[in-house]
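Below is one structure; the comments refer to it alone.
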Amino acid sequence: MAKRTYGKEYGFMTRAVHTGNDVDGETGAIKRPITMANSYELPYDPTDMNWSGAGQTLYTRNDGANQNYLQEKLASLEGGEDCIALASGVGALSGLFFALLQSGDHVIFSSVTYIAVYRLFNELFNHKFGVETTIVDTTDPENVRAAIRPNTKLIHIETPGNPTLGITDIRALAEIAHAHGILLSVDNTFASPYNQRPLELGADFCVESLTKYINGHGDAMGGAIIGKKEHLDLIRAQSQINLGATISPFNAWLIMRGAVTLPLRMKQHNENALAVAKWLEAQPCVSFVAYPGLESSQGHEIAKKQMAPGFGGMLSFGLKADHDTHNRFVSHLKVITSAVSLGHDESLIVFLGENDERQYLYPEKFHNGFFRFSVGIEDTQDLIDDLKQALEKTGLL
């Protein structure tokens, strides 16, 4: 049976279900199996093979069957030519930066990003490898334009930003970057490809932590870089093989399975988060709510243009309360779990206190401690009721 392909002539839901899957040639199973091999049969004369070459199934660090199936699906969902799936989101970020940058290059990156990006650029790449780095509030494109130098090689942004939910205009930054011959990478983890596709807005690279929404079940780790094949061939050869952040076949299979329901889950995440954000915003004891779906959000108009059909499942909020009261509020929650990570089926909340080393980069309203809330796919009213009863028990309502 010939391999079935599913291109852009099919809708997002159809591609989420079918792309990367096919009938197994040996058993006739309608789902691709987990191939847990770390080595593959060599050709009759292997002496001309590049043992460190990419794109050949000889050793799973070079290439693996389940990795390939997942990459096919993700490239389709993101609207990209090619994809590299790696062991974690940080593995994907590190692999991208390692392959693209060399000593003397300059990088501009968002002031609000995942902590690993802050570490990589603010401490490691500049101190160890001589890469110049500049932290910029990328929610204003003019800040980025002003920070460009003759040696600027890459602009890296995260939108919505983790954890303040700031919105950066991807299309505007792509135009600025490309006018100066600079590459643009976008961490799309908070949005997922269901809500936002950076490559279609002009970005050169999209990075996803597959651990989060794309897997969606809180049981597997992975990361992905999506972009043009000419760039990804370089990243695959330099970073996947030589840094070794290889995704395991089992995790690739789990994430492949999870991605099938991404559109259905994101629809519920979007609906729940918007309803919860509106409810929180109406409570007198809540000091602020950061969610791009709220009309009061500074980035709302840009988010409406580049995030469709929804604004994601992540929000942040603060209470008019002291440090201990924030913790007591969390202790009273019954449906919502106090835990890190995000994008799970279940709702997760984490209290970020006043001592965050990046506090100086956040808007002032975040300086007294706040919650990062990953709104799950439970019944909407159950989540609101859980927040309400916890606020009541804490004495805030």
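The values are calculated or read from the model by the stated rules, or taken from the named source; none is laboratory data. None of the values given here were measured: they were computed from a predicted structure. So basically every Cβ, Gly included, is an ideal-geometry build from the backbone, and we count neighbours across all protein chains shown.
Key figures
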| read-out | value |
| --- | --- |
| Conditions (1) in contact (Cβ under 8 Å) with a residue 12 or more places away in the chain; (2) in a helix (DSSP H, G or I); (3) farther than 30 Å from Asn151 by Cβ; (4) not hydrophobic (A, V, I, L, M, F, W, C): number failed by Thr14 | (1) |
| Any hit, the stretch 160-181, residues being closer than 17 Å to Leu93 by Cβ, out of contact with any Phe, Trp or Tyr (no Cβ under 9 Å at 6 or more places or on another chain) and surrounded by fewer than 23 Cβ atoms within 10 Å (Cβ to Cβ) | no |
| Condition met for Gly343 (on the phi > 0 side of the Ramachandran plot, in contact with a Ser or Thr (Cβ under 8 Å, 6 or more places away or on another chain) and in contact (Cβ under 8 Å) with a residue 40 or more places away in the chain) | yes |
| The listed residue being in a helix (DSSP H, G or I), at pLDDT 95 or above and in contact with a Phe, Trp or Tyr (Cβ under 6 Å, 6 or more places away or on another chain), out of Phe98, Phe121 | Phe121 |
| Qualifying position, being within 21 Å of Gln238 (Cα to Cα), surrounded by 19 or more Cβ atoms within 10 Å (Cβ to Cβ), out of contact with any strand residue (DSSP E or B) (no Cβ under 7 Å at 6 or more places or on another chain) and of a type outside the set (Val, Ile, Thr), among Leu154, Leu120, Leu100 | Leu120 |
| Flag if Lys228 is within 18 Å of the chain's Cα centre (by Cα) and in contact (Cβ under 8 Å) with a residue 40 or more places away in the chain | no |
| All positions within the stretch 281-325 that are surrounded by fewer than 21 Cβ atoms within 10 Å (Cβ to Cβ) and assigned to a helix (DSSP H, G or I) | Glu281, His300, Glu301, Ile302, Lys304, Lys305, His323, Asp324, Thr325 |
| Condition broken by Asp63, with the remaining ones in (1) buried (at least 19 other Cβ atoms within 10 Å of the Cβ); (2) of a type in the set (Asp, Glu); (3) at pLDDT 90 or above satisfied | (3) |
| Some residue of the stretch 327-336 being of a type in the set (Lys, Arg), outside the structural domain of Asn188 (by TED's automatic domain parsing) and without any contact (Cβ under 8 Å) to a residue 60 or more places away in the chain | yes |
